[in-house]
Amino acid sequence: MAMPIETGRLLLRDFVQEDWRAVHEYGSDSEVVRYMPWGPNTVEDTKDFIRRVITYQQEFPRRRFEIGIVLKEESKLIGGCGIRENDAALREGNMGYVLNRAYWGRGIATEAARALVKFGFETMNLHRIFATCSPENKASERVLQKCGMSLEGRLRQNMQIRGKWRDSLLYAILSHEWNG
Ligand SMILES: CC(C)(COP(=O)(O)OP(=O)(O)OC[C@H]1O[C@@H](n2cnc3c(N)ncnc32)[C@H](O)[C@@H]1OP(=O)(O)O)[C@@H](O)C(=O)NCCC(=O)NCCS
């Protein structure tokens, strides 16, 4: 399948085991994982994550893409993102992203998220792509809006983040709403 995905500044590519240090830079940062159900990672957590997502690369047909975000100008892995088909009959997928804190505020997540939406519709042939974010995670909510998603509702206490129940905002886009 069409991997890696290239955008203006980024290369979205499969993880390799040696990426663990770069993943650990953001995966062990408590500020980065604040709204995530996982982390902050131990080294073992990060290595387990990489091992697990490498197994997805062997699936055929492949329906789970957990991929690294590489900033081309620095040849550095600065984050991760993913898109997975969660219901094959409905052709529904969901996506997410995370970035090293040193690279926030430069439109990088938006660039990656838009590329994932394009990949989901054009390559995975999805009908609907959704994403959720914490209502307090304003930057993430903005990224979802900027990739053309609409707010569908608020899921109440559907997440547990380090022992606390948390609500999520549900955002989605349908294939006919996506203008390429
Ligand atoms: C969420 C995250 C991926 C955003 O990455 P980013 O590359 O900084 O995002 P972008 O620069 O593409 O866009 C961020 C948008 O949010 C806005 N924003 C940032 N902080 C904000 C805040 N506190 N309140 C309101 N808007 C905010 C920015 O202004 C920008 O919008 P604009 O282009 O309209 O000005 C990054 O902060 C991150 O990795 N967070 C931790 C992991 C995470 O929460 N992932 C999402 C889980 S749902």
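Just so you know, all these numbers are worked out from the coordinates, no wet-lab data involved. The shown structure was predicted, so the numbers you read here are calculated from the model rather than taken from an experiment. Every residue, glycine as well, gets a Cβ built from its backbone with ideal geometry; the counts of neighbours run over all protein chains shown.
Sorted from longest to shortest, the spans of the Cα atoms of the stretch 15-114 along the three principal axes equal 39, 30, 27 Å. Modelled this way, with points 7 Å down the Cα-to-C-beta line, the labels at LYS146 and TRP165 are 3.4 nm from one another. In sequence order, the stretch 20-31 has phi-based couplings of 4, 5, 5, 5, 5, 4, 8, x, 9, 8, 5, 5 Hz under the Karplus curve 6.51 cos²θ - 1.76 cosθ + 1.60, θ = phi - 60°, and Gly or Pro positions carry x. Legend: ranking of residues SER140, SER30 from fewest to most surrounding C-beta atoms inside 10 Å; resulting order SER30, SER140.
Quick one: order THR42, THR55, THR7 by neighbouring beta-carbon count within 10 Å, fewest to most.
Values: THR42 12, THR55 9, THR7 15.
Going from sparsest to densest Cβ surroundings: THR55, THR42, THR7.
Backbone geometry of the stretch 91-107 corresponds, through the Karplus equation with coefficients 6.51, -1.76 and 1.60 at θ = phi - 60°, to 3J(HN,Hα) couplings of 6, 10, x, 9, 9, x, 7, 7, 10, 4, 4, 5, 10, 5, x, 10, x Hz, x marking Gly and Pro.
For the stretch 124-133, backbone phi angles converted through the Karplus equation (6.51, -1.76, 1.60; θ = phi - 60°) give residue-by-residue couplings of 8, 6, 6, 9, 8, 10, 10, 8, 10, 8 Hz, Gly and Pro being listed as x. Charge dipole of the chain (Cα centre as origin; +1 on each Lys and Arg Cβ, -1 on each Asp and Glu Cβ, all else neutral): 300 debye, rounded to the nearest 20.
Diagonalise the Cα gyration tensor of the chain and give the resulting equivalent ellipsoid semi-axes, square root of 5 times each eigenvalue, largest first, whole Å. Before the final figure, lay out the partial values.
Working: eigenvalues 100, 85, 55 Å².
After diagonalising the Cα gyration tensor, the semi-axes are 22, 21, 17 Å.
For the chain, the residue among LEU77, GLY39, LEU10 whose Cα projects farthest onto the positive side of the dipole built from Cβ charges is GLY39. Listing PHE130, PHE49 from fewest to most neighbouring C-beta atoms within 10 Å gives PHE130, PHE49.
Going down the table (LYS72/LYS146; LYS118/LYS146; LYS76/LYS164), which pairs top 25 Å between alpha carbons?
Details: LYS72/LYS146 22 Å; LYS118/LYS146 13 Å; LYS76/LYS164 34 Å.
The answer is LYS76/LYS164.
Electrostatic bookkeeping for TRP20 treats Lys and Arg as +1 and Asp and Glu as -1; over the other residues with beta carbon under 11 Å from its beta carbon, the sum is -3.
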